[in-house]
1. Any idea which residue in region 45-71 is farthest from HIS11 (Cα to Cα), counting only those that are touching a helix residue (DSSP H, G or I) at 6+ places or on another chain (Cβ under 8 Å) and not aliphatic (A, V, I, L, M)?
2. Can THR38 be described as modelled with pLDDT of 95 or more and either within 25 Å of ARG98 (Cα to Cα) or among the polar types (S, T, N, Q) (or both)?
3. Out of region 62-109, which residues are modelled with pLDDT of 85 or more and among the β-branched types (Val, Ile, Thr)?
4. So, in region 48-72, exactly how many residues are under 19 Å from ASP99 (Cβ atoms) and hydrophobic (A, V, I, L, M, F, W, C)?
5. Show me the strands (runs of 3 or more DSSP E) found entirely inside region 12-109 where at least 2 residues are of a type outside the set (A, V, I, L, M, F, W, C).
Amino acid sequence: MWRDSSPPSGHVWTVDVDQDLVNGAEENLAAAGTSNVTVVLADGAAGLPDHAPFDRIQFTVGAGDVPVKVLGQLAPGGRLVIPMRIRGSVSRSFAFERDGDTWKTVWPT
């Protein structure tokens with residue numbers, strides 16, 4: 001396995017509504033020596049407008065619909081990946097990218 005030893009570039013924001021998960025994430029990231037990730041206690045469906053725009057937004061929980069507030073926080077050429085419930089408990093991950101004034105689904109890469 002090849003590992004790049006150069007310092008990471010960019011910044012990752014992770015959001016959760018559960019204080020215990022936020023605390024655990026902060027502890028684990030600190031123990032790993034990670035300095036380019038910030039953990040925020042908030043509702044991910046609202047995104048983080050104060051830190052937008054984002055190149056990528058990845059949801060890790062299922063949604064019944066695309067959170068429109070989050071789409072507006074993507075940078076030009078940005079991509080939203082979100083698992084969506086499509087029939088009862090069946091879910092699939094979809095990736096969305098801007099196509100002019102509309103959004104289109106693309107295969108996650």
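1. For region 45-71, the residue satisfying everything is PRO67.
2. Judged against the criteria, THR38 is a match.
3. VAL66, VAL68, VAL70, VAL81, ILE82, THR105, VAL106
4. Number satisfying all stated conditions: 6.
5. Here the list reads 12-16, 54-58, 74-87, 90-99, 102-106.
The values are calculated or read from the model by the stated rules, or taken from the named source; none is laboratory data. These numbers were taken from a predicted model, which means no experiment stands behind them. FYI the Cβ positions are ideal-geometry reconstructions off the backbone, even for glycines, and counts take in every protein chain you see.
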